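Peer 1: One structure coming up, written as structure tokens, with questions to follow.
The values are calculated or read from the model by the stated rules, or taken from the named source; none is laboratory data. What you are looking at is a predicted structure, and each value in this text was computed from that prediction instead of being measured. Here the Cβ positions follow ideal geometry from the backbone for every residue, glycine too, while neighbour counts run over all protein chains shown.
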Amino acid sequence: MKIAFKMKLKPGFREEYKKRHDAIWPELLALLKGNGVYDYTIFWDEETDILFAVQQVSEGSSQNLGQEEVVQRWWAFMADIMETNPDHSPLAIPLEQVFHLD
């Protein structure tokens, strides 16, 4: 199954966001893959600082792993450059699929 959601980057932090994701923690990658999240891509809209994420999942999604300690640490690490909820989770808005072409 494919899911998509959007998040919001704070203005001026595109390079920092990319830098942090280029060095994503191995334990976070292992958790995602171990929970059926794969083919995960995030796009950035320069005009709005909207981050658009798409992921293939065999079960759940990355959005269901918030109770995991490494995820909570990642959220705290990213909270200074993204719009977040009070618990530092990214303010993520699910997106509805309206078209698909194989």
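Peer 1: Which of the residues belonging to the stretch 53-98 are buried (at least 17 other Cβ atoms within 10 Å of the Cβ), over 17 Å from Phe13 (Cα atoms) and β-branched (Val, Ile, Thr)?
Peer 2: Scanning the stretch 53-98 gives Val57, Val71.
Peer 1: Right, here's the next one. How many residues does the stretch 1-23 contain that are without any contact (Cβ under 8 Å) to a residue 24 or more places away in the chain, of a type outside the set (D, E, K, R) and surrounded by 10 or more Cβ atoms within 10 Å (Cβ to Cβ)?
Peer 2: 1
Peer 1: Would you pick out the residues in the stretch 55-82 that are under 12 Å from the mean Cα position of the chain (by Cα) and not small (Gly, Ala, Ser)?
Peer 2: Those that are under 12 Å from the mean Cα position of the chain (by Cα) and not small (Gly, Ala, Ser): Gln55, Gln63, Asn64, Leu65, Val71, Trp74, Trp75, Met78, Met82.
Peer 1: Residue under question is Leu101, and the condition is that it be over 23 Å from Gly34 (Cβ atoms), at pLDDT 95 or above and loosely packed, with under 14 Cβ neighbours inside 10 Å; does it hold?
Peer 2: no
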